[in-house]
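Have a look at the structure below, then the notes.
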Amino acid sequence: MNKLRLARKDDIFFTRTMAEILEKQGRMEDALTIYKILSDSNPEDSATAEMVKRLKELAGQHGKRGNRGLLGQGAGFNRG
């Protein structure tokens, strides 16, 4: 399991491609985390905001299941 350090901004960066790959791997919570970070850093990006909305809706449909996120927290959903 990967642990993510968010303490220093220059330690790590996120891309939409990273989120897409994680989503394809079924790591939905990780993908959602990255999409949220990207959306917060660029509120005008409606496509990324739409991805956040879509993954949150999926999370609501699938309920809590064991997938662990980047921060080691319960994911809230798996790809089903």
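The values are calculated or read from the model by the stated rules, or taken from the named source; none is laboratory data. Since the model is a prediction, treat every value here as computed from it, not as a measurement. Every residue, glycine as well, gets a Cβ built from its backbone with ideal geometry; the counts of neighbours run over all protein chains shown.
Scanning region 25-51 for residues that are in a helix (DSSP H, G or I), within 12 Å of the chain's Cα centre (by Cα) and closer than 18 Å to PHE13 by Cβ yields ASP30, ALA31, LEU32, THR33, ILE34, TYR35, LYS36, ILE37, LEU38, SER39, THR48, MET51. Given the condition outside any loop (DSSP other than H, G, I, E, B), out of contact with any helix residue (DSSP H, G or I) (no Cβ under 8 Å at 6 or more places or on another chain), surrounded by fewer than 17 Cβ atoms within 10 Å (Cβ to Cβ) and at pLDDT 50 or above, answer yes or no: does some residue in region 64-78 qualify? The answer is no, given that none of the residues of region 64-78 is outside any loop (DSSP other than H, G, I, E, B), out of contact with any helix residue (DSSP H, G or I) (no Cβ under 8 Å at 6 or more places or on another chain), surrounded by fewer than 17 Cβ atoms within 10 Å (Cβ to Cβ) and at pLDDT 50 or above.
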